[in-house]
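What follows is one structure encoded as structure tokens, with my remarks underneath.
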Amino acid sequence: MSFWTKKSRIVITCAKEVPPFLKQEILSLGLPVLSAGMAEVETEGTMEDALRLNLLIRTGQRILFLLGSFNAKAPDDLYRRISQISWEDYIPEDSYFSVTSSVHNPTIKDSRFANVKCKDAVVDRIKEKRGRRPDTGPERDRIVVHLYWKGNIAQVFLDTSGEPLSKRGYRMIPLKAPMQETLAAAVVLATGWTGNGNFINPMCGSGTLAIEAASIALNRAPGLSRSNYGFMHLIGFDESSWKVLRRKIRAETKDRLNGRMIATDVSQQAVEAAKKNALTAGVDRFIEFGVCDFSQTPVPTNGGVLILNPEYGERMGETEKLRETYKEIGDFFKKKCQGYKGYVFTGNLDLAKKVGLRTNRRITFFNGPIECRLLEYDLYGGSRKEVSSKLQSPIIK
Ligand SMILES: C[S@@+](CC[C@H](N)C(=O)[O-])C[C@H]1O[C@@H](n2cnc3c(N)ncnc32)[C@H](O)[C@@H]1O
């Protein structure tokens, strides 16, 4: 039986605090959740399930398919056990692979040493079986083997994603301080957004939040914009069934929204980049873009989700100016956003206090190493004049 149809454990890694959202995604795809850790969720399935996960999961980073789990006290045990795996069944002739690892073992000071041991075991095994060795290196655009070694337990995986899934393939122009795509998806899901009502994103930067929100509303699979995955380089990858799967999943995309999606930024360059990124992501025609100060963003009266990701300010002086900006966000919420659930995503809680409104929920996320909060504000009713049905600021075509 080919390894493509065998069931195994599948570990999906993610950013810290994201597992609750990832669990929901896995369950909604009809797969079980076996366990959840700080930054990963474990499920089980075949390589075919792994392909589906690569296409459909929004909040996960890497889909790791377990090949072997064993006891290893020291590097020699690791080498011996990894060379017992039949790598010649997975890695084609004349191919290239890289090794990544997560190592917490007292005998290993530098995880690169464990990587080398793992790489040598795979190369030596293949050389012994075929007489030729595969190429290896740091590139993750082909086959990736992942080693997880904690205490005496080692697990060896195929990283079926290759490059992390946050590289969706649509963000050609990242600009400064962009949010990772997978984190943006988790933040949007945390607002409860499913596509009902309006989605308003002032300070949109390169457009990541708006693009992820549009994909969620349209049920557009996040993996459709990407053409290369680790699994494509393995023995037995069937390109024609992959195309059928992609076509089937693409056909499930909706072609209309229930509300308006508006993304603005004060920087024309940011809005141009966001528009191009949205085009690559296949959602540009659903988002109205405009260049304006956040406070001038048109906010239709019938409610929805309104989210801002202002800068956090790392240097003095910047922080001073940002205090004023955060205060103005509070005024904007009070005066112009009644009927909405308002959100601020920030890594600076002191600045967040300047918004001056009572938070309804505070959800912790990590943007890389920076602990952040998604702050939710219930912006209750009150009468407000309807804004014009078009953006007043220039729309970037
Ligand atoms: C942290 S970045 C947003 C990053 C975005 N989430 C992404 O993924 O690319 C903050 C953005 O706010 C914009 N900005 C700063 N002050 C603004 C203001 N007063 N009105 C509108 N946009 C502003 C900046 O141009 C920048 O693009």
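The values are calculated or read from the model by the stated rules, or taken from the named source; none is laboratory data. None of these values were measured; they are calculated from a predicted model. Note: ideal-geometry Cβ built from the backbone for every residue, glycine included; neighbour counts use all protein chains shown. Protein only, heavy atoms only, side chains kept; ligands, DNA and RNA dropped before computing areas. Shrake-Rupley method; radii C 1.70, N 1.55, O 1.52, S 1.80 Å.
Got a sec? Which of Phe365, Phe332 is part of a strand (DSSP E or B) and within 14 Å of the ligand (Cβ to nearest atom)?
Phe365
Hey, could you check the range 251-267 for residues that are under 22 Å from Lys335 (Cα atoms) and within 16 Å of the ligand (Cβ to nearest atom) and say which is most open to solvent (accessible area, probe 1.4 Å)?
Val266
Please go through (1) in contact (Cβ under 8 Å) with a residue 12 or more places away in the chain; (2) part of a loop (DSSP other than H, G, I, E, B); (3) open to solvent by 10 Å² or more (accessible area, probe 1.4 Å) for Thr100 and return the number of the only condition it doesn't satisfy.
(2)
Could you tell me which of the residues Ile63, Ile26, Ile85 is open to solvent by less than 40 Å² (accessible area, probe 1.4 Å) and assigned to a strand (DSSP E or B)?
Of the residues listed, the single one that is open to solvent by less than 40 Å² (accessible area, probe 1.4 Å) and assigned to a strand (DSSP E or B) is Ile63.
Report yes if Ala270 is within 12 Å of the ligand (Cβ to nearest atom), open to solvent by less than 20 Å² (accessible area, probe 1.4 Å) and assigned to a strand (DSSP E or B), otherwise no.
Considered against the rule, which asks whether it is within 12 Å of the ligand (Cβ to nearest atom), open to solvent by less than 20 Å² (accessible area, probe 1.4 Å) and assigned to a strand (DSSP E or B), Ala270 comes out as no.
Against the definition (open to solvent by 10 Å² or more (accessible area, probe 1.4 Å) and either touching a strand residue (DSSP E or B) at 6+ places or on another chain (Cβ under 7 Å) or more than 22 Å from Pro164 (Cβ to Cβ) (or both)), how does Ala72 come out, yes or no?
Judged against the criteria, Ala72 is not a match.
Pick out the one residue from Ser295, Ser240, Ser215 that is open to solvent by 50 Å² or more (accessible area, probe 1.4 Å), at pLDDT 95 or above and of a type in the set (Gly, Ala, Ser).
Ser240
Scan the range 299-329 residue by residue and report those that are small (Gly, Ala, Ser) and within 12 Å of the ligand (Cβ to nearest atom).
Passing the criteria: only Gly313.
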